[in-house]
Amino acid sequence: MSHRLVIFDTTLRDGEQSPGASMNLEEKVRMARQIDALGVDVIEAGFPMASEDDYRAVQAVAREVRRPVIAALARTTPADIERAWRAIEPAARPRIHTFVATSDLHMQHKLRRSREEVFDMAVEAVRLAKSFTPDVEFSAEDATRSDVDFLRRVVAAAVEAGATTINIPDTVGYTIPGEFAGIIGTLRERVPGIGNVVLSVHCHNDLGLAVANSLAAVEAGARQVECTVNGIGERAGNASLEELVMALYVRRDVLPYVTGVVTTEIYKSSQLLSAITGMHVQANKAVVGKNAFAHEAGIHQDGVLKERRTYEIMTPESVGIKSNRLVLGKHSGRHALGKKLQDLGYGLSRPELDRAYARFIEIADLKKEIFDEDLIAIVHDGMREIPETFALKLLHATAGSQRPSTATVTLEAEGRDEVACAIGDGPVAAAYNAIDQITRVRGRLLDYSIRAVSRGRDAMGEVSVHVEFSGRAFTGKAASTDVVDASARAYLHAVNKALHLSRSLSPPSETVVAAALPRIADAPMAPRAKAAPAPPPTSAAAGDLRQTGGRQASDTFVRLINLV
Ligand SMILES: [Zn+2]
């Protein structure tokens, strides 16, 4: 039996479903490229039936990431499977991943179907998927709470129908290692033909056992493991890719399995995901947490200085953490910055480098020492894949023990400057109120966090926000030595994303969204869009639609965004 494990990354599907982790198309593609560099075998890019933008994101990943298998999730209905197929059809190696629940609890209360009906649904779904692509994965949702004999029958039928990977999910993170190994062992013994397919596991972390359960399953014969970067995912998350891979690597003496993962890409993948979603990993998180390699106790520090291995079972370098060296100053040129970023693993395009350099010069004027972490924050700050409908040009805020605070903001929109002044409980609230006055987009702040990127009083502050517009949350992020400036730009980042999404959904949704613009951006937004030199073809349609079917279209938009 082969000891090569298939690493199936579902950061973009299960991970993206977790609260606050939603990504837009550009962010998904960027993350998919990094996961590709990480060397995983399969990328599950999304659930195309969930929404129009999920469908388009899966399609974009399928087109642009060519090495790994690209999987799309589908329930057992023909509509789901056909849509999944259309989304991944452009992939070099497409996989349809179809699933149905097999536990009595789910069948009775969620699906309201009998065992026999579910059995037939599974078989028909695999057959239909197989008519599109030879690579078909079948998952028995809630497998660990299913009757083992029924599970065995469904799995046998799915294999018979042509599934090439059989996935056994611990959907609610309920199982424990010994029990899970027993289920995998039973299936291996009692399902005819199981030796010809890849047995997979998908574990959730509700009891903190996702990685332990996955490893137990591997020892019992599973050869594909589904996991996510930083362990993000529904509720407490999925098995964490970095923990799983490093456990296999560090304990290769007793776990003789190999993966294709390039471990030195782990830290960068973790950082990129945090940067995109604004979800920071906890300091004591295994492998990628800020303290994962920090030795605080005197005895430990003494030991590590004498011999690293006394308290270190793996090196920070093995997961791609570079030492925190002072690198560049204000006299460093664009070329030096480009080279340094390359060393840190960020190959930037010319416009990206230009943007990063401009920001670098601004920061270098304010901050004596620039560390690697600062540079990474600068790069991520400059990652604006979406057009900046509104750009911050000037900000002046007052703060102190006397309330309220005031802020004056100048934003540039389509070549025009607009100024607004507002008050608020603090300088950030005042700045946000002023921004809202100009954009006429009122966001509801769901979450706000700030952290110092590196050390010292002149450290850059990195601000992450989650802002809700028309019932849908968008993330925004920015870094600056001035935290009010970072806060304002992070907020604008989210505003620009919301506007970009509302404009980018294409026909028939294009017109739908244009009509919904007044919902997102109140009426005065439409004339501005109309006056824009660059198309938006949506604006003319918006006018038409508002007179005709505007209301209906706008409802459709709300439905679209709520589905995600
Ligand atoms: Zn899951």
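Tell me yes or no: at least one residue of region 264-278 is away from the ligand (no atom under 16 Å from the Cβ), farther than 17 Å from GLU373 by Cα and not polar (S, T, N, Q).
No, there is no match, as no residue in region 264-278 is away from the ligand (no atom under 16 Å from the Cβ), farther than 17 Å from GLU373 by Cα and not polar (S, T, N, Q).
Assuming THR439 fulfils every condition listed in (1) surrounded by 18 or more Cβ atoms within 10 Å (Cβ to Cβ); (2) over 14 Å from ALA494 (Cα atoms) apart from one, which condition is it?
That leaves (2) as the condition not met.
When you check SER22 against the structure, is it within 30 Å of VAL154 (Cα to Cα) and modelled with pLDDT under 95, yes or no?
no
Out of GLU27, GLU16, which single residue is in contact (Cβ under 8 Å) with a residue 24 or more places away in the chain and within 16 Å of the ligand (Cβ to nearest atom)? Lay out the reasoning, then the answer.
Numbers: GLU27 fails: within 16 Å of the ligand (Cβ to nearest atom).
Exactly one residue qualifies, and that residue is GLU16.
Do we have ARG75 as open to solvent by 20 Å² or more (accessible area, probe 1.4 Å) and more than 21 Å from PRO169 (Cβ to Cβ) here?
Answer is no for this residue.
Can you tell me how many residues within region 266-313 are open to solvent by less than 40 Å² (accessible area, probe 1.4 Å), outside any loop (DSSP other than H, G, I, E, B) and of a type in the set (A, V, I, L, M, F, W, C)?
Within region 266-313, residues that are open to solvent by less than 40 Å² (accessible area, probe 1.4 Å), outside any loop (DSSP other than H, G, I, E, B) and of a type in the set (A, V, I, L, M, F, W, C) number 6.
Among the residues of region 314-326, count how many are under 16 Å from VAL245 (Cβ atoms) and open to solvent by less than 70 Å² (accessible area, probe 1.4 Å).
Within region 314-326, residues that are under 16 Å from VAL245 (Cβ atoms) and open to solvent by less than 70 Å² (accessible area, probe 1.4 Å) number 7.
When you go through ASP343, ASP436 one by one, which is the residue that is among the acidic types (Asp, Glu) and over 28 Å from ILE266 (Cβ atoms)?
So the residue among ASP343, ASP436 that is among the acidic types (Asp, Glu) and over 28 Å from ILE266 (Cβ atoms) is ASP436.
May I ask you to say which residue of PRO177, PRO90 is within 22 Å of SER214 (Cβ to Cβ), open to solvent by 10 Å² or more (accessible area, probe 1.4 Å) and either out of contact with any Leu (no Cβ under 7 Å at 6 or more places or on another chain) or more than 16 Å from the ligand (Cβ to nearest atom) (or both)? Walk me through it before giving the result.
Details: PRO90 fails: within 22 Å of SER214 (Cβ to Cβ).
Going through PRO177, PRO90 in turn, just one is within 22 Å of SER214 (Cβ to Cβ), open to solvent by 10 Å² or more (accessible area, probe 1.4 Å) and either out of contact with any Leu (no Cβ under 7 Å at 6 or more places or on another chain) or more than 16 Å from the ligand (Cβ to nearest atom) (or both): PRO177.
Restricting the search to region 33-58, which residues are open to solvent by less than 10 Å² (accessible area, probe 1.4 Å) and either charged (D, E, K, R) or within 14 Å of the ligand (Cβ to nearest atom) (or both)?
Answer for region 33-58, where residues must be open to solvent by less than 10 Å² (accessible area, probe 1.4 Å) and either charged (D, E, K, R) or within 14 Å of the ligand (Cβ to nearest atom) (or both): GLU44, GLY46.
Of the residues that sit in region 181-228 and are within 13 Å of the ligand (Cβ to nearest atom) and in a loop (DSSP other than H, G, I, E, B), which one is nearest to PHE8 (Cα to Cα)?
Filtering first and then ranking leaves ASN205.
Can you tell me which residue among ARG95, ARG30, ARG63 is within 22 Å of GLY231 (Cβ to Cβ), open to solvent by 10 Å² or more (accessible area, probe 1.4 Å) and not in a loop (DSSP other than H, G, I, E, B)?
Among ARG95, ARG30, ARG63, only ARG30 is within 22 Å of GLY231 (Cβ to Cβ), open to solvent by 10 Å² or more (accessible area, probe 1.4 Å) and not in a loop (DSSP other than H, G, I, E, B).
Among the residues of region 233-261, count how many are more than 16 Å from the ligand (Cβ to nearest atom), touching a helix residue (DSSP H, G or I) at 6+ places or on another chain (Cβ under 7 Å) and open to solvent by 60 Å² or more (accessible area, probe 1.4 Å).
1
The values are calculated or read from the model by the stated rules, or taken from the named source; none is laboratory data. Keep in mind that what you see is a predicted model, and the values were worked out from it rather than measured. Methodologically, a virtual Cβ is constructed for each residue, glycine included, from the backbone with ideal geometry; neighbour enumeration extends over all protein chains shown. Please note that ligands, DNA and RNA were not included when accessible areas were found on the heavy atoms of the full protein model with its side chains. Shrake-Rupley method; radii C 1.70, N 1.55, O 1.52, S 1.80 Å.
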